[in-house]
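In what follows, a single structure is set out as structure tokens and then discussed.
A short reminder: the numbers here are calculations on the coordinates, not readings from a lab. If you're wondering where the values come from, they're calculated on a predicted model, not measured in any experiment. Using ideal geometry, Cβ is built from the backbone for each residue, glycine included, and neighbour counts are taken over all protein chains shown.
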Amino acid sequence: MIASHYNYWIAVVLLMIGLYVVMSHSNTIKKLIGLNVFQVAVFMLYISLGKIEGGTAPIVDAAFTVYSHPLPHVLILTAIVVGVATTALGLALVVRIHEAYGTTDEDEALIADRREAERT
């Protein structure tokens, strides 16, 4: 029973790993990596939900043929493009934070920001 749904277990494990990395690290690059792992887990879950055992692509019009639903795969293609853009924006922000504060650690940047606010 459990072995037949291994794809769901893999998605859940990847979700938990990504969530743990985001919550436990203060380094912004590691947080972005955790978000990407979380995102890949969601992609895998949606794609595995759209696959039907023995199903084919809905291209040929034949009677008594089992088709896999193409909508989850199309949605994931869009989500991959959005995910790459979000990652690029996040990395650009990390570069800007490193230029401004000299670190990619969130806690150190917040401390430096508080010190700057106290001076003014």
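In a simple Cβ point-charge model (Lys, Arg +1; Asp, Glu -1; nothing else charged), the stretch 3-119 has a dipole of about 100 debye relative to its Cα centre.
The residues packed around Thr104, meaning those with a beta-carbon under 13 Å from its beta-carbon, carry a net charge of -2 if Lys and Arg are +1 and Asp and Glu are -1.
Positive end of the dipole of the chain (Cβ unit charges, origin at the Cα centre): among Pro72, Leu89, Ser4, the Cα lying farthest that way belongs to Ser4.
Computed over the chain, the per-residue total of -39500 (n - 2.57) for DSSP H runs of n ≥ 4 gives a 222 nm mean residue ellipticity of -25500 deg cm²/dmol, rounded to 500.
Measuring max minus min along each principal axis, the C-alpha atoms of the chain give extents of 76, 31, 16 Å (largest first). The ranking of Met23, Met44, Met16 from fewest to most other beta carbons within 10 Å of each one's beta carbon is Met23, Met16, Met44. Fewest neighbouring Cβ atoms within 10 Å first, the residues Thr28, Thr86 line up as Thr86, Thr28.
For the chain, hydrophobic long helices are taken as DSSP H runs at least 18 Å long by C-alpha position along their axis with mean Kyte-Doolittle hydropathy of 1.0 or more; these are 6-24, 28-50, 71-101.
The stretch 51-114 and the stretch 1-42 have their alpha-carbon centroids 13 Å apart. For the chain, the residue among Thr104, Gly55, Val21 whose Cα projects farthest onto the positive side of the dipole built from Cβ charges is Gly55. In plain terms, the residue of Lys31, Lys51 with the fewest other Cβ atoms within 10 Å comes first and the most crowded comes last, giving Lys51, Lys31.
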